[in-house]
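Q: Sharing a structure with you now.
Every number in this text was worked out from the coordinates using simple rules, so none of it is lab data. None of these values were measured; they are calculated from a predicted model. Positions of Cβ are backbone-derived with ideal geometry, glycine not excepted, and every protein chain shown enters the neighbour counts.
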Amino acid sequence: MIDPADAAKRLAAARALELVHSGMRLGLGTGSTAAHFVALLGERVAQGLKIVGVPTSEQTRAQAERLNIPLSTLDEIPELDLTIDGADEFDPSLRLIKGGGAALLREKIVAAASLRMVVVTDRSKQVATLGRYPLPVEVDRFGLESTRRHVLRVADETGCSGAVSVRLDEKGHVLVTDGGHPILDCAFGSIPDPEALARGLNAIPGVVEHGLFIGLAKAIIVADADGVEVIGDLA
């Protein structure tokens, strides 16, 4: 039996594929919905589509290599035409929380290097106010507990409250990102002022990057059992 949420993700990914044409330089996102896009892209490449992709994680790189999708790096092509990526949460202002797959740093670098970022997701990720999904904050290993306390202080100053904990892997060890950093998961429940929180987190020396993606997504393709809706501008 096909999972309805998974079917919706594939539907959103298929709509995003319509934005791709030969000659494009693409950012390839990370996560379950982005994986659908990469799979569909691989089918098009096998049929003759000429593109080059920059993956946002080693997981995505491995998938793209299996599908024989030509890959490059931002050092070789520092400007991209389009990035297709997923989101853990989005609000009506196209603000996102990303990083559930621990790829937020590379995802944000790739998104910032792109002329357009389009998000593909299913309806369950839509919220009125960000924060239901724990906000990931990628941090340096040095001074981890000190940085965690700084994050708690900034959260309090910007109207957020909740546990801030180090993410563990399936074996109970501290999870380490592709960049070699731990992640703090911030279970705030609600983020009343995402811009203020983002500014505060950016000012903490031990914070490498956070999962608030503000002003990066140009459009969101969201799918459910009733079909596909585009929020924002795909042009």
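Q: What's the extension gain from ILE214 to ALA187 if we count 0.36 nm per residue and subtract their Cα-Cα distance?
A: Once the chain is fully extended between ILE214 and ALA187, it gains 7.8 nm.
Q: With +1 assigned to the C-beta of every Lys and Arg and -1 to the C-beta of every Asp and Glu, and no other charges, what is the dipole magnitude of the chain about the Cα centre in debye, to the nearest 20?
A: I would put it at about 140 debye.
Q: For the stretch 42-183, rounded, prolate or oblate, judged on the Cα gyration tensor with a ≥ b ≥ c (square roots of eigenvalues), a/c < 1.5 rounded, else prolate if a/b > b/c?
A: prolate
Q: Further question: Would you compute, for the Cα atoms of the stretch 147-235, the largest minus smallest coordinate along each principal axis and list the three values in descending order, in whole Å?
A: 42, 34, 23
Q: Moving on. Along the Cα→Cβ direction, 7 angstrom out, place labels at SER22 and VAL230. What is the inter-label distance in nm?
A: 2.3
Q: Which of the GluC sites (Glu not before Pro) found in the stretch 109-190 are loop residues per DSSP with 14 or fewer other Cβ atoms within 10 Å of their Cβ?
A: GLU170
Q: On to the next question. Please give the contour-minus-distance gain from ARG123 to LEU74: 0.36 nm per residue of separation, less the Cα-Cα distance, rounded to one decimal in nm.
A: Contour length minus the Cα-Cα distance gives 14.5 nm.
Q: Output the relative contact order of the stretch 135-208, whole-number percent, from Cα pairs under 8 angstrom with separation of 6+ residues.
A: 47
Q: Can you compute the charge dipole magnitude of the stretch 1-118 about its Cα centre, using +1 on each Lys and Arg Cβ and -1 on each Asp and Glu Cβ, nothing else charged? Give it in debye, rounded to the nearest 20.
A: Dipole of the stretch 1-118, to the nearest 20 debye: 160 debye.
Q: May I ask which residue of SER72, LEU115, LEU82 lies farthest towards the positive end of the charge dipole of the chain, with charges of +1 (Lys, Arg) and -1 (Asp, Glu) on Cβ and the Cα centre as origin?
A: The residue sitting most towards the positive pole is SER72.
Q: Another question about this same structure. Using the Cα centre of the stretch 82-153 as the reference point, and only Cβ charges (+1 on K/R, -1 on D/E), how large is the resulting charge dipole? Debye, rounded to the nearest 20.
A: For the stretch 82-153, the charge dipole is close to 140 debye.
Q: So if I take the centroid of the Cα atoms in the stretch 81-133 and the same for the stretch 162-207, what is the distance between those two points in Å?
A: If we compute the Cα centre of each part, the gap is 16 Å.
Q: How much mean residue ellipticity at 222 nm does the chain get from its helices, if each DSSP H run of length 4 or more adds -39500 (n - 2.57) and you divide by all residues, to the nearest 500 deg cm²/dmol?
A: -9000 deg cm²/dmol
Q: Here's another thing I want to ask about it. With the crude spin-label approximation of a point 7 Å out along Cα→Cβ, what separation in nm comes out for ARG66 versus ARG44?
A: Taking the two extended label points, one gets 2.1 nm.
Q: Another one. Under 21 Å Cα-Cα from LYS98, which lysines qualify once same-chain neighbours fewer than 8 residues away are excluded?
A: Those lysines meeting the cut-off are LYS9, LYS108, LYS125, LYS218.
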